[in-house]
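Read-outs throughout are calculated quantities, based only on the coordinates presented, and are distinct from any laboratory measurement. Quick caveat, the model's predicted, so the values are computed rather than measured. Don't worry about glycine lacking a Cβ; one is built from the backbone with ideal geometry, like all the others, and counts go over all protein chains shown.
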Amino acid sequence: MNLNLEIELASIRMDNPLMLASGILGICPSLIRRVAAAGAGAIVTKSIGLKAREGFPNPTVHIIKDYGLINAMGLPNPGVDEVLEEFKDQKFSVPVIYSIYGSSPEEYSNVAKKLLKLNPVAFELNLSCPHVREVGQMVGQDPEMVYKVVNLVKSSVNVPVFAKLSPNVTDILEIACSAVKAGVDGIVAINTVKAMAIDIDLRKPVLGNVYGGLSGPSIKPIAIKIVYDLFENFKVPIVGVGGVSNWKDAIEYFLAGARAVQIGSGVLWKGLNIFGEILSGLRKYMQGHGFKRVEEIVGAGHK
């Protein structure tokens, strides 16, 4: 049986539906090429801001065995101008989506307009960093602000715009509705869940920032439910993210309605080989169930 793993996300053609999630690896052309060679269908960069940002003091990551990890990196990045210099004249074999953040709609727009020099295939708006109040959390919890950010970026660029949403809200469908009304081309769900850990011997929070965002297997059921609900309510493409560590996880997201999945903490557990492992499992699943195209699986859990 001839299997077709290609997927279209807005106007982006991907050889397969696996993406590197933002924030796991640094912003470096050589890293992007390594991930592409490992089998990723597309890559999302670490979030880029208007100015350089050091991030939070160590410790910034706390691993919880079998459940995932809590991180409070604080959006460290060299700033958009430095990224422009490093990525100038670079070519890649897979679509590269630039993740951006800001403290206002104008800041998001300014970062996006600067990055147009790199001919990006799309932008992912980080509307949902749970531990950086001024540049993520406040934006993603306000439907009106989400509308303004998406609307202004959409009017400033000529490529698809995706909104990465936070689960740390009262009604994520309300936030999604604002993004859709503003013309977003796709929704990425979800970002990390607010969490913390306390060292019982030191009697103090483990992370330097006190709290951070939980990712990994423990948040997958939350993300699956949100993807399922988004598919039921909106027509825009959905990218599922949260706890994808094997091919069964990816299939579950597709059945819930995701057209693609992003892999983040799974890279930390299994290395870049995780992309090849999931693709192999996906092929076997498609053969075993008579699917010829990945698109046939998308949303099949609703029927």
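Assorted remarks:
- Calculated diffusion of the range 9-49, Stokes-Einstein form, Kirkwood radius summed over Cα pairs, 20 °C and 1.002 mPa s, µm²/s: 200
- Efficiency of FRET between I222 and N158 - r from beta-carbon atoms, R0 35 angstrom, step 0.05: 0.55
- Calculated from backbone phi, Karplus (6.51, -1.76, 1.60) coupling profile of the range 9-20 in Hz, x at Gly/Pro: 10, 6, 9, 8, 8, 10, 5, 7, x, 9, 10, 7
- Cβ-derived FRET efficiency at R0 25 Å, R13 paired with Q90, nearest 0.05: 0.80
- Remark: the range 76-89, residue by residue, has Karplus-estimated 3J(HN,Hα) of x, 6, x, x, 4, 5, 5, 4, 4, 5, 6, 9, 4, 6 Hz, where x stands for each Gly or Pro and the curve is 6.51 cos²θ - 1.76 cosθ + 1.60 at θ = phi - 60°.
- Label zone of H302 (point 7 Å out along Cα→Cβ, amide N under 12 Å): in the range 216-246 this covers 227-238.
- Cα-based shape type of the range 39-94, given that a ≥ b ≥ c are square roots of the gyration tensor eigenvalues and the cut on a/c is 1.5: oblate
- The order of the peptides 81-92, 224-235, 180-191 by mean Cβ neighbours within 10 Å, most packed first, is 180-191, 224-235, 81-92.
- Fraction of antiparallel bridges per DSSP, the range 103-252 only, in percent to nearest 5: 35
- Descending semi-axes in Å of the range 186-290, equivalent ellipsoid built from Cα gyration tensor: 29, 18, 10
- Most to least packed among 140-149, 30-39, 212-221 [average Cβ atoms within 10 Å]: 212-221, 140-149, 30-39
- Inverse of mean 1/r across different Cα pairs in the range 241-303, Kirkwood, Å: 11.8
- Computed from phi, the 3J(HN,Hα) profile of the range 184-199 under the Karplus parametrisation 6.51, -1.76, 1.60 (θ = phi - 60°) reads 4, 8, x, 10, 10, 9, 9, 7, 5, 9, 3, 7, 7, 9, 10, 6 Hz, with x in place of Gly and Pro.
- When the Cα convex hull of the range 53-136 is projected onto planes of every orientation, the mean area is 7.0 nm².
- Relative contact order (percent, whole number), the chain, Cα cutoff 8 Å, 6+ residue spacing: 19
- Pairs exceeding 24 Å between alpha-carbon atoms, taken from K248/K270; K51/K117; K235/K303; K114/K194; K154/K248; K46/K235: K114/K194; K154/K248; K46/K235.
- Highest-first arrangement of 240-248, 7-15, 263-271, where packing means the average Cβ count within 10 Å: 240-248, 263-271, 7-15
- Rounded to 5, the percent of DSSP beta bridges in the chain classed as antiparallel: 40
- Close amide-amide hydrogen proximity is noted between G23 and K46, S47, each under 5 Å apart and 5 or more residues distant or on a separate chain (H modeled in the peptide plane; Pro and chain starts excluded).
- Here the relative contact order of the range 173-303, from alpha carbon pairs under 8 Å that lie six or more residues apart, stands at 22 percent.
- Proximal aspartates and glutamates relative to K292, as straight alpha-carbon distance under 18 Å, when same-chain residues fewer than 8 apart are discounted: E6, E8, D15, E252
- Along each principal axis, Cα extent of the range 1-115, largest first, Å: 52, 41, 27
- Dimensions of the chain based on its C-alpha atoms, expressed as ranges along the principal axes with the largest first, amount to 53, 50, 39 Å.
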